[in-house]
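Report on the structure given below.
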């Protein structure tokens with residue numbers, strides 16, 4: 001990173017990204033308020049289906065992305081811009097190659113993550129802005145305007161909620177992972193956009209995994225995890241932000257694109273969380289826990305953790321990863337070049 005950007009340059013980009021997130025979030029809030037008042041977009045939000053009935057785009061998605069893209073390229077014309085809506089228009093999912101450049105400054109943006117939530121005025125929607133150097137997220141900005149929650153981070157400067165509360169929220173001390181995790185954890189996951197009713201398809205594998213994580217200890221042929229709860233926000237970006245906050249202990253997902261996770265990974269890792277692959281290894285007890293590879297489409301994240309009885313915080317996180325691997329099904333979200 002130092003070979004590409006100085007610390008001062010990164011600081012300036014961080015300030016710019018935070019303000020850009022606030023401005024874009026204001027546009028989302030204004031559009032939502034027009035719908036609430038029954039003017040402008042009218043009470044019912046119109047949308048267009050992309051790949052299926054739950055993969056949709058609204059005019060707000062497109063307008064906010066254009067605002068973000070124009071703002072970034074006006075100030076940083078030599079940076080690479082990758083946005084969900086502009087990219088989706090240029091190709092189809094089956095032909096999308098690996099997208100993230102291996103070097104150089106890159107902006108990875110989802111102008112409205114949680115579009116289905118937005119159309120129903122469910123408040124879990126946000127703007128997500130990630131900034132990458134050498135393919136790795138180093139700045140993250142996530143703003144959920146209807147919740148008035150702004151998550152921000154810059155590598156080496158911590159992760160923050162509303163610029164005043166350092167993440168994770170419980171810090172004195174940061175709690176260790178539960179001794180018998182996933183028992184005692186909040187498990188976060190999404191239904192996803194693949195709704196094909198195939199016996200061994202992703203939807204059925206996810207349901208099996210949800211049941212394994214939720215069932216009593218010893219249930220489901222020994223896979224029962226007895227988590228405290230299973231949560232689905234409808235936004236992968238906010239799932240990651242809530243994991244950084246410590247509200248979720250575990251996030252498991254397949255099918256995400258780069259814009260879904262770039263900002264959230266930056267925020268979670270800077271808060272002290274662990275992000276790795278959801279790909280289940282042959283031997284979960286001994287497999288290496290590799291750093292996240294942006295673009296792999298299979299993700300498993302663990303909240304920030306303090307030291308526990310006989311182990312460091314990192315050891316507690318890795319122990320939890322291995323226990324999750326034992327209980328979830330392998331998902332099939334492949335892509336060219338990934």
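A short reminder: the numbers here are calculations on the coordinates, not readings from a lab. What you see is a predicted model; the values in this text were computed from it and never measured. Every residue, glycine as well, gets a Cβ built from its backbone with ideal geometry; the counts of neighbours run over all protein chains shown.
Here the label points at residue 211 and residue 9, each 7 Å from Cα along the C-beta direction, are separated by 5.4 nm in the simple model. Here 195, 220 are placed in order of increasing Cβ neighbour count within 10 Å, fewest first, which gives 195, 220.
Look at the alpha carbon pairs under 8 Å that are at least 6 residues apart: their mean separation over the length of segment 186-325 gives a relative contact order of 21 percent. Of the residues 147, 34, 300, the one with the fewest other Cβ atoms within 10 Å heads the list, and the complete ranking is 147, 34, 300. You can think of it this way: the chain between residue 86 and residue 230 has 48.5 nm of extra reach, that is 0.36 nm per residue less the Cα-Cα gap.
Seen from all directions on average, the chain presents a Cα convex hull projection of 17.4 nm².
From the gyration tensor of the Cα coordinates in segment 126-242, what semi-axes in whole Å does the equivalent ellipsoid have, largest first, with each one equal to sqrt(5λ)? Before the final figure, lay out the partial values.
Numbers: eigenvalues 186, 84, 33 Å².
Ellipsoid half-lengths, sorted descending, are 31, 20, 13 Å.
Residue ranges 222-228, 278-284 sort as 222-228, 278-284 when ordered by packing (mean number of other C-beta atoms within 10 Å per residue, highest first).
If you count, for each residue, the other Cβ atoms within 10 Å and average over each peptide, how do 64-71, 187-194 line up from highest to lowest?
The packing order, highest mean first, is 187-194, 64-71.
Between the alpha-carbon centers of segment 139-203 and segment 310-325, tell me the distance in whole angstrom. Taking the Cα centre of each part, segment 139-203 and segment 310-325 sit 17 Å apart.
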